Amino acid sequence: MFLLALRRKCANFAAERMIRNLSRKPMYDDSSYHNSTKVRLMRWRFLYRIIRRDVAVAPKIIITDVEGVQKFWKMSRSVGDSSTTVPTQADTTGSESRIKDASKRFISAIEMQVNQQMDTVKDKAKDINTASVNAPSARGYNWLVASIIVVADLVGGGLVAMPAAFHDTGMVIGCIFLVLIAIFFTSTAHLLSQTWTIMRDRWPVYKTHCRQPYPEIGLRSYGPKMRQAILYHFSESFTVFCVNTTLFGVTTVYVILSSSIFHKVLVHSGIRIHFCLLLIILAILILPITFLKSPADFWVVLAISLLCTVIAAVLIAVGITEDYSTCIPSVVYKPASFYALYSLGTFVFAYSGHHVFPTIQHDMHEPKEFSKSVLLGFFWACCLYIPLSVYAYFVYGQSMEESLIDSIQTTWIRHGADLAVAFHCVLTIILTINPVNQQFEHIFHVPHKMCWQRIAVRTGLLAVILFVALSIPNFGSIMDFFGSTTIPFTCIILPTLFGLSLKNQRYNEKTKKWKIPTMKEIFERTPRHILIWFLFVNVLTIIASMISAVMAVRAMATIRFVPPCYVQPFLQSTDHQTSTHSLLKCCGKYSNITRNPEIQCFPRINH
């Protein structure tokens with residue numbers, strides 16, 4: 001109540017000062033003082049920043065809507081003009097009560113008009129100054145380029161780890177996981193794209209640059225009036241936590257995976273360098289490319305990363321074909337079991353990308369077409385994942401472990417595919433880390449330009465990622481953990497909650513705002529087939545992710561445990577990676593069958 005009273009007093013004071021200024025004659029004889037559009041816009045912007053609760057929205061809406069500003073100007077002249085309210089400058093000191101009454105009526109009229117301008121913008125879209133509102137779209141990319149960015153975000157680490165995940169699931173359950181997760185994630189990604197389109201239509205401020213689109217969806221889905229409710233904190237704070245934690249984990253996986261690949265290639269070339277030192281070197285090398293602003297600035301780089309993935313997929317397919325005749329006679333498959341949930345996080349991780357989808361959509365020339373980008377992107381991701389995973393497990397069977405490429409016996413193909421995946425991971429890091437960078441820049445009020453503050457924030461964040469990578473230098477463990485914990489929230493649960501809430505909001509003519517529906521209203525207004533589908537998807541996701549998370553943590557502490565880099569110097573083995581990276585995961589029940597006698601296999605003792 002105290003803050004509301006203070007805001008009202010500030011608004012009254014500002015209105016009184018503005019009315020007095022309107023009634024005074026200019027200090028210089030220049031009629032352009034009152035006719036200047038720039039001066040008018042600056043006045044309104046100052047007043048709206050004081051009287052509006054939503055400070056970040058109102059000024060941008062008013063400034064970009066020139067016709068609305070002209071209406072406000074005419075209204076102000078009728079309310080506080082010198083001929084109606086304040087006759088002369090000399091009389092203002094003796095008419096304080098009249099000025100206050102006029103200012104109150106002035107503020108009420110402005111608040112009503114602002115609400116109309118903000119909440120009916122969909123009906124007035126033609127009146128908006130497209131030159132300023134759609135500034136990012138002028139340099140945006142089309143839906144086909146957006147689909148390329150989607151594929152570049154989805155594939156990469158999953159291309160290497162998903163076929164090896166069949167080691168725990170077997171053929172049948174692995175195929176079921178592949179298909180079901182693809183369908184689930186495609187449906188929620190499509191819903192998320194529709195959600196951001198609704199956001200842009202109802203609140204045009206989101207047509208300008210937005211640093212944190214995903215958390216803004218959560219804010220608009222359940223509203224600032226629910227600040228004391230658990231649901232509001234869930235929709236805003238928890239959304240920020242889940243999205244940024246997921247992106248943090250994805251970036252960490254890519255740093256570890258690319259370093260691991262470069263380490264294997266260097267060891268094969270006879271160059272001995274500690275894996276942990278290579279992590280630090282790689283982090284320093286990729287730091288400059290993380291300073292780019294948004295996907296619109298580096299979509300060509302992401303297209304190159306997708307090309308690297310396609311090259312890797314082709315090389316892997318050729319390598320599997322070369323090993324077919326040697327490995328297929330002794331292949332061993334695993335029967336279905338409960339332990340298949342060990343690798344569920346890997347399958348989920350491979351299809352995750354929702355956390356950056358709003359950022360990709362926001363920088364498009366026509367964001368409404370992002371639904372086509374999502375469908376095409378997931379289609380191509382499935383075309384890369386499903387045939388390659390099934391073919392690899394059919395040929396190698398249980399001999400695959402953490403990486404499919406480690407089972408390919410043709411040396412140049414193995415290293416070529418490895419390097420292609422590594423370059424893909426390095427280039428994709430700039431996409432996965434970008435929303436996290438912008439979130440922290442928003443928190444620390446960093447300017448929207450290249451400056452020392454941006455360099456400091458982004459360097460610090462990459463340093464934290466490097467520390468986590470040095471602490472858990474095993475990309476499979478991190479992939480399973482995040483695939484079982486935060487990714488189900490950002491890719492299934494939150495898109496469903498936010499999408500159904502925004503779709504079922506109704507416009508209130510009295511308050512001139514969109515009314516946030518209750519859970520009961522969401523259940524009543526949502527079509528039955530859509531409601532049943534998303535309930536099924538969410539319930540199944542929650543149950544599976546809870547079980548998988550427990551198993552992933554157990555595996556991280558036991559069978560997949562790797563000592564931290566800052567502990568390894570005190571152990572007998574100075575480099576945990578070197579002892580295994582020079583060996584090949586050969587075919588057969590005991591991983592000891594090879595068509596090249598010069599290859600040294602890494603045999604499986606306990607089967």
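The values are calculated or read from the model by the stated rules, or taken from the named source; none is laboratory data. This structure is a prediction, so every number in the text was calculated from the model and none was measured. Positions of Cβ are generated from backbone atoms using ideal geometry, with glycine treated the same way; all protein chains shown enter the neighbour counts.
What the table shows:
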{"quantity": "Unique residue being without any contact (Cβ under 8 Å) to a residue 40 or more places away in the chain, surrounded by 17 or more Cβ atoms within 10 Å (Cβ to Cβ) and closer than 16 Å to residue 496 by Cβ when the list is 527, 517", "calculated": "517"}
{"quantity": "Verdict on residue 431 being in contact with a Cys (Cβ under 8 Å, 6 or more places away or on another chain) and either under 13 Å from residue 288 (Cα atoms) or in contact (Cβ under 8 Å) with a residue 12 or more places away in the chain (or both)", "calculated": "no"}
{"quantity": "Yes/no for residue 429 being at pLDDT below 85 and β-branched (Val, Ile, Thr)", "calculated": "yes"}
{"quantity": "Residue pairs meeting the criteria (Cβ under 6 Å; at least 6 apart or on separate chains; first without any contact (Cβ under 8 Å) to a residue 60 or more places away in the chain and over 12 Å from residue 246 (Cβ atoms), in the range 347-372; second of a type in the set (Gly, Ala, Ser) and surrounded by fewer than 24 Cβ atoms within 10 Å (Cβ to Cβ))", "calculated": "none"}
{"quantity": "Qualifying residue in the range 330-343 (condition: on the phi < 0 side of the Ramachandran plot and surrounded by 24 or more Cβ atoms within 10 Å (Cβ to Cβ))", "calculated": "yes"}
{"quantity": "Single match in 322, 369 (criterion: over 19 Å from residue 400 (Cα atoms) and surrounded by fewer than 24 Cβ atoms within 10 Å (Cβ to Cβ))", "calculated": "369"}
{"quantity": "Counted residues, the range 368-423 - those being of a type outside the set (A, V, I, L, M), within 26 Å of the chain's Cα centre (by Cα) and either more than 18 Å from residue 167 (Cβ to Cβ) or not assigned by TED's automatic domain parsing to the domain that holds residue 283 (or both)", "calculated": "13"}
{"quantity": "Matching helices (runs of 4 or more DSSP H) fully within the range 454-546 where at least 3 residues are under 22 Å from the mean Cα position of the chain (by Cα) and among the aliphatic types (A, V, I, L, M)", "calculated": "494-503"}
{"quantity": "Residue 447, sole failed condition from (1) modelled with pLDDT under 85; (2) within 29 Å of residue 147 (Cβ to Cβ); (3) not small (Gly, Ala, Ser)", "calculated": "(2)"}
{"quantity": "Failed item in (1) β-branched (Val, Ile, Thr); (2) without any contact (Cβ under 8 Å) to a residue 40 or more places away in the chain; (3) touching a helix residue (DSSP H, G or I) at 6+ places or on another chain (Cβ under 7 Å), with residue 443 passing the rest", "calculated": "(3)"}
{"quantity": "Some residue of the range 309-319 being buried (at least 23 other Cβ atoms within 10 Å of the Cβ) and either of a type in the set (Gly, Ala, Ser) or in contact with a strand residue (DSSP E or B) (Cβ under 8 Å, 6 or more places away or on another chain) (or both)", "calculated": "yes"}
{"quantity": "The range 293-319: number of residues that are at pLDDT below 75 and either more than 14 Å from residue 360 (Cβ to Cβ) or of a type outside the set (A, V, I, L, M) (or both)", "calculated": "6"}
{"quantity": "Count - residues of the range 442-475 that are of a type in the set (D, E, K, R) and surrounded by 22 or more Cβ atoms within 10 Å (Cβ to Cβ)", "calculated": "1"}
{"quantity": "Top-ranked residue of the range 440-453 - restricted to ones that are among the hydrophobic types (A, V, I, L, M, F, W, C) and within 20 Å of the chain's Cα centre (by Cα), ranked as nearest to residue 244 (Cα to Cα)", "calculated": "440"}
{"quantity": "Residues satisfying the stated conditions in the range 410-441, i.e. surrounded by fewer than 24 Cβ atoms within 10 Å (Cβ to Cβ) and not in a helix (DSSP H, G or I)", "calculated": "410"}
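Here's the yes/no breakdown for (1) of a type in the set (Gly, Ala, Ser); (2) within 20 Å of residue 306 (Cβ to Cβ):
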| position | (1), (2) |
| --- | --- |
| 402 | no, no |
| 410 | no, no |
| 417 | yes, yes |
| 420 | yes, yes |
| 427 | no, yes |
| 433 | no, yes |
| 436 | no, no |
| 439 | no, no |
| 464 | no, no |
